[in-house]
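Below is one structure, written out as structure tokens; comments come after it.
The values are calculated or read from the model by the stated rules, or taken from the named source; none is laboratory data. Since this is a predicted model, take the numbers as computed values, not measurements. Methodologically, a virtual Cβ is constructed for each residue, glycine included, from the backbone with ideal geometry; neighbour enumeration extends over all protein chains shown.
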Amino acid sequence: MRRMASESRRSQMLRGVLDLCLLAVVLDEPAYGYEMTRRLRERGLSTVGEGSIYPLLGRLERDGLVATHRAASDGGPPRKYYSASPSGRRALTEGVRAWHDVRGEVDAVLATIEGEVAR
Amino acid sequence: MTAFVEECRQEWKRLGVPNLLAEEMATELESDLAEAEADGVSAAEMLGESDPRRFAATWAGERGLVSERPQPGRSRKRFWIVLAAVLVLGFVLGFSALVFLATTGAHTTGAPPTPVPLFVGVKKHQAVVLARANSLDPAVIRVPGRPRGVVIAQAPAAGARVRRGSTVLLRVGRG
């Protein structure tokens, strides 16, 4: 029960920054959908149980934050590749700044609690 | 796996997503799911959603591909706005009419207007009787013209609505 509750909190917290994570993994090199999931996992972020990345990608596409093109994958069928557009890069920079601000503010409040729990 | 994608296709069709785009999404999903499976990742893990229809609707919606249907809420709101406008207009017109009536005809004679009969073609003495019977004041002018002793022109015209007691001008032929 407690485990479920913590997972749901994790989902809620990720929901606000998952779009930034998606933009981050296609900042330097375009990727297709599953490849993005894989890149997230390689960097230590599992999106399992966080809901699909596709609706999020759809929103980024609609808002013009990602550009798309079709290209052949390594030996596989042609895939739809996503890459960060110029406005996507701007959104990512602003988003990361906001994330750092929030993280700092929340840490400042929660830091003392962490100490008490550890004792 | 293909069953999941197939259900997505049907949902996109139902939602009116253009065929080309629906096919693009289906292909993308199919390739990704196949690759995930090869990695040992199940569709449920990959998509975090077991209901294909809900998944398809969310995706297409977020991409902005679901055509805007007339929202029931919005059209109901528009209905109330139109109704309110009609009622306000009705009140304004009704009130204006009341004010107009109160400041014109009604307050000068206190009686409703009366229609002017057709006098043309009627003999002079009959025309006079007819005018008085209709609460009008006949003013007879003899003018050159025929037939003699018969009204050949009138003012106001027949059918005009005038206040009771108004004068009607009757031109009677002198022959």
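Tabulated data
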| quantity | calculated |
| --- | --- |
| Residue within region A:39-60 that is within 9 Å of chain B (Cβ to nearest Cβ), more than 18 Å from residue B:48 (Cβ to Cβ) and not β-branched (Val, Ile, Thr) present | no |
| The one condition in (1) loosely packed, with under 15 Cβ neighbours inside 10 Å; (2) within 12 Å of chain B (Cβ to nearest Cβ); (3) in contact (Cβ under 8 Å) with a residue 12 or more places away in the chain that residue A:89 fails to fulfil | (2) |
| Members of region B:141-164 found to be touching a helix residue (DSSP H, G or I) at 6+ places or on another chain (Cβ under 7 Å) and either among the basic types (Lys, Arg) or at pLDDT below 90 (or both), listed by number | B:163, B:164 |
| Qualifying residue in region A:62-75 (condition: within 30 Å of residue A:106 (Cβ to Cβ) and either more than 14 Å from chain B (Cβ to nearest Cβ) or of a type in the set (Ser, Thr, Tyr) (or both)) | no |
| Of all residues making up region B:66-108, the number that are of a type in the set (Gly, Ala, Ser) and at pLDDT below 85 | 7 |
| Residue within region B:40-54 that is modelled with pLDDT of 90 or more and on the phi > 0 side of the Ramachandran plot present | no |
